[in-house]
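Working notes, beginning with the structure itself.
The values are calculated or read from the model by the stated rules, or taken from the named source; none is laboratory data. Every value quoted in this text rests on a predicted model; they were computed, and no experiment measured them. Positions of Cβ are generated from backbone atoms using ideal geometry, with glycine treated the same way; all protein chains shown enter the neighbour counts.
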Amino acid sequence: MEYSSILTSLHVVPSSPHVKNKLFVFCIMLSLWVYMIYCCVGYCSTVPSLRYVNRHGDEVDVVESSLGASRDLLNNNENDLDSRGKEWEEARGEIKALDENAMSGFLNESETKKLPQAIIIGVKKGGTRALLEFLRLHPDVRAVGAEPHFFDRNYDKGLEWYRDLMPKSLDGQLTMEKTPSYYVTKDVPSRIYNMSQDTKLIIVVRDPVTRAISDYTQTRSKKPDIPSFESLTFKNTSSGQIDASWSAVQIGMYAKHLERWLQYFPMEQLLFVSGERLITDPAGEMVRVQDFLGLQRVVDEKYFHFNPAKGFPCLKRPDSTSKPHCLGKTKGRTHPNIDPDVVQKLRDFYKPYNMKFYEMTGHNFDWD
């Protein structure tokens, strides 16, 4: 009765809901804080000594046994140690997974699409596809597989459209593309120059007579009813005058096309690759290409395996157990038999162009 009267006289006012909520949150935070301290103490007792290897090759302790992995550790129950060890490994695995995901995200964010710093601009049926595939083996090269034909057919779509076609690359990696028709198209040199005056240009050239026959062979595989090679070669068969307007013949007039490029780019920015040597000595030719592009000499003889049936080298990474990868069935087509007199007339036609081309490039390709 006394207690009742006292309480009645004090008239205690219940706490407001706002105060209760604050008290509830405080209790939860305090509980979490105590639990975290408990967990840290538990894990510290099982943390193994961290070690690293110094530059002399010696292992050095970074965390000594004073962290809990000393006498006290020996007094723990063995089963408890195994249990805590598993927990530690699981926690470490989760951290590693988070780190890997973070690194992957970082790489994806740092990769960007860039305009090409180097372009294989020609020539058709010279060996451009082979060279591109050789270069794509290099870890510092990112190249689009299809031919963009931006500077000759799609220029009106703009540089952003062109950039979007390129693969993503990291800083320090080289972005490339190849479109063989660039070398012989009138407006392309100025357009590439307007994009970047520093663009490196690669031209794969081949004996112009053999190239013309290969060009014709490819066209005939798609259009079997086209006229014979001999009839297309001459303006008039009776006169024996070569038809230089026929694209298969025109492309092989390398010196004439080179004059146009030299109006915009110095010779130091152009590299002429021998299509013949890409077959007979691909590793040797790749040394020149990688040096020209400022790349380490990664792609060497270990990557090439000659295929006698195809007549050209196939590719295989040294660390791969898979079979060598050869270029498609369209490569290495059998050429038709061409009248020897027509072949000789073509050689006579190309000779002055070849001599001038040797002089301009400082390289004798020995096609005559």
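Looking only at region 155-198, filter to residues that are among the small types (Gly, Ala, Ser) and surrounded by 15 or more Cβ atoms within 10 Å (Cβ to Cβ); which one of those is nearest to Ser110 (Cα to Cα)?
Ser169
Considering every residue within region 228-244, establish whether at least one is touching a residue at least 40 places away in the same chain (Cβ under 8 Å), aliphatic (A, V, I, L, M), more than 28 Å from Gly311 (Cα to Cα) and assigned to a strand (DSSP E or B).
Looking for residues that are touching a residue at least 40 places away in the same chain (Cβ under 8 Å), aliphatic (A, V, I, L, M), more than 28 Å from Gly311 (Cα to Cα) and assigned to a strand (DSSP E or B), one finds at least one in region 228-244, hence yes.
Being of a type in the set (Gly, Ala, Ser) and part of a loop (DSSP other than H, G, I, E, B) is the filter here; which residues of region 191-223 pass it?
Across region 191-223, the qualifying residue is only Ser196.
Within region 335-357, can one find any residue that is surrounded by 13 or more Cβ atoms within 10 Å (Cβ to Cβ), modelled with pLDDT of 80 or more and either under 21 Å from Leu132 (Cβ atoms) or within 24 Å of the chain's Cα centre (by Cα) (or both)?
Taking every residue of region 335-357 in turn, none turns out to be surrounded by 13 or more Cβ atoms within 10 Å (Cβ to Cβ), modelled with pLDDT of 80 or more and either under 21 Å from Leu132 (Cβ atoms) or within 24 Å of the chain's Cα centre (by Cα) (or both).
Can Glu285 be described as at negative phi and touching a Ser or Thr at 6+ places or on another chain (Cβ under 7 Å)?
It is true that Glu285 is at negative phi and touching a Ser or Thr at 6+ places or on another chain (Cβ under 7 Å).
For region 162-190, give me each residue that is over 24 Å from the mean Cα position of the chain (by Cα) and not in a loop (DSSP other than H, G, I, E, B).
Val184, Val188, Pro189, Ser190
Given the conditions (1) under 26 Å from Tyr353 (Cβ atoms); (2) free of Cβ contacts under 8 Å to residues at least 12 places away in the same chain, which single one is not true for Asp215?
Evaluating Asp215 over (1) under 26 Å from Tyr353 (Cβ atoms); (2) free of Cβ contacts under 8 Å to residues at least 12 places away in the same chain leaves (2) as the failure.
Restricting attention to region 228-278, report how many residues are among the basic types (Lys, Arg), out of contact with any helix residue (DSSP H, G or I) (no Cβ under 6 Å at 6 or more places or on another chain) and within 21 Å of Ser181 (Cβ to Cβ).
1
Among the residues in region 125-137, are any part of a strand (DSSP E or B) and modelled with pLDDT of 95 or more?
no
Is it the case, given these coordinates, that Arg163 is free of Cβ contacts under 8 Å to residues at least 40 places away in the same chain and either closer than 15 Å to Met286 by Cβ or touching a strand residue (DSSP E or B) at 6+ places or on another chain (Cβ under 8 Å) (or both)?
No: the conditions fail for Arg163.
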